[in-house]
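What follows is a single structure, written as structure tokens, with notes after it.
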Amino acid sequence: MLVRVQTEPFDAGAELNAFAQGHTDVGAVVSFTGVVRDTNGDLTEMQIEHYPGMTERAIGKIVDEATARWNLADALVIHRHGTLSPGAPIMMVATAAAHRAAAFAAADFLMDYLKSRAPFWKKEITSDSADWVAAKTADEDALNRW
Amino acid sequence: MNVMYFAWVRERIGIPQETVETEAATVNDLIAELRGREERYEAAFADISALRVALDQELSDFDASLSGVREVAFFPPMTGG
């Protein structure tokens, strides 16, 4: 299990390859990469604030729960903070398990919980506005699936 | 205790953290104290339903006890991922 919280960009492909190597006991590796979306074509940058200390603890707990529940062989979470450009990777998760159903479900679970239970806050900056992204009811509701 | 603010809560109050000397028994008591201080606190805590609280870096509730707590953080619902 590896959790990284960082300002630097990352290469999702290289991270995935490194993650997938060295496991001979898994039959499935699933990954998800979240990217800064410019919905209206006017996004200058996205600023992501986090709560150092609590962030690592919260992600660690979420990963531990996923690992136990789906018997994961391994899990990876990378999440950036600071100032990001449109199209830049924000975060990625990867899961490794014996079978794909477990790997997919665990990755989905990790994403739902990282969205609503890891202390990050996104702010969208355009040429004439700076707005904190509001949490969606649907994101909170998604937790009830689990 | 150390009180921290994040995102728009930090912006409204104007500082990321401060040391608060308080006898408040619960989070709600602490909020009532802070609201009585200045308008910027009143503005930040006007709608508690828009806020979340963490005690010593664990999500908690507004009626939770502050006994033994060293760090309180107030912030809006999280938007990670």
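Give me a comma-separated list of calculated 3J(HN,Hα) values for the stretch A:93-103, in order, Karplus coefficients 6.51, -1.76, 1.60 applied at θ = phi - 60°, integers in Hz, x for any Gly or Pro.
Once rounded to whole Hz, the list reads 10, 9, 10, 10, 8, 5, 10, 5, 4, 5, 5.
Sequence-distant or interchain residues sharing an amide H contact under 5 Å with residue B:64, placed H: which?
B:27, B:28
So who's got an amide H within less than 5 Å of the one on residue A:35, skipping anything under 5 residues away but keeping other chains? H placed 1.01 Å off N, in plane.
For residue A:35, whose amide H was placed from the backbone, the distant partners under 5 Å are A:90.
Using each residue's phi in the stretch B:17-23, evaluate 6.51 cos²θ - 1.76 cosθ + 1.60 at θ = phi - 60° and report the 3J(HN,Hα) Karplus result to the nearest Hz, with x for Gly and Pro.
6, 7, 8, 10, 8, 8, 9
Just to check I understand the Karplus step: with θ = phi - 60° and J = 6.51 cos²θ - 1.76 cosθ + 1.60, what whole-Hz values come out for the stretch A:123-128, glycine and proline as x?
10, 9, 10, 10, 5, 10
Could you tell me the ratio Rg/Rh of chain B? Both radii from Cα atoms, Rh via Kirkwood.
With Rh from the inverse mean 1/r over Cα pairs, Rg/Rh is 0.92.
Please report A:116, A:127 as a ranked list, fewest other C-beta atoms within 10 angstrom at the top and most at the bottom.
A:127, A:116
So if the hydrodynamic radius of the protein assembly as shown is defined as the Kirkwood radius over C-alpha pairs, what does Stokes-Einstein give as its diffusion coefficient at 20 °C and 1.002 mPa s, in µm² per second?
It comes out at roughly 114 µm²/s.
Search the structure for amide H atoms under 5 Å from the amide H of residue B:52, placed 1.01 Å from N in the peptide plane, and list their residues when 5 or more places away or on another chain.
Hits under the 5 Å cutoff: B:75.
Let me know the shape class of the stretch A:19-128, please: from the alpha-carbon gyration tensor, a ≥ b ≥ c as square roots of the eigenvalues, rounded when a/c is under 1.5, otherwise prolate if a/b is greater than b/c, or oblate.
prolate
Hey, with R₀ at 30 Å, roughly what FRET efficiency would residue A:39 and residue B:11 work out to, going by the Cβ-Cβ distance, to 0.05?
The formula returns an efficiency of 0.85 here.
Under a straight-distance cross-link criterion of Cα-Cα below 17 Å, which aspartates and glutamates are reachable from residue A:61, leaving out those fewer than 8 residues away in the same chain?
A:74, A:108, A:112, B:56, B:58
Using only atoms on other chains, find how many Cβ atoms lie within 10 Å of each Cβ of peptide B:67-76 and report the average.
2
Please give the charge dipole size of the protein assembly as shown, origin at the Cα centre, charges +1 on K and R Cβ atoms and -1 on D and E Cβ atoms. Round to the nearest 20 debye.
Using Cβ point charges on Lys, Arg, Asp and Glu, the protein assembly as shown gives about 560 debye.
Every number here is computed from the coordinates shown, using simple stated rules; none is lab data. What you see is a predicted model, and the numbers here were worked out from it, not measured in a lab. Backbone-built Cβ (ideal geometry, glycine too); neighbour counts: all protein chains shown.
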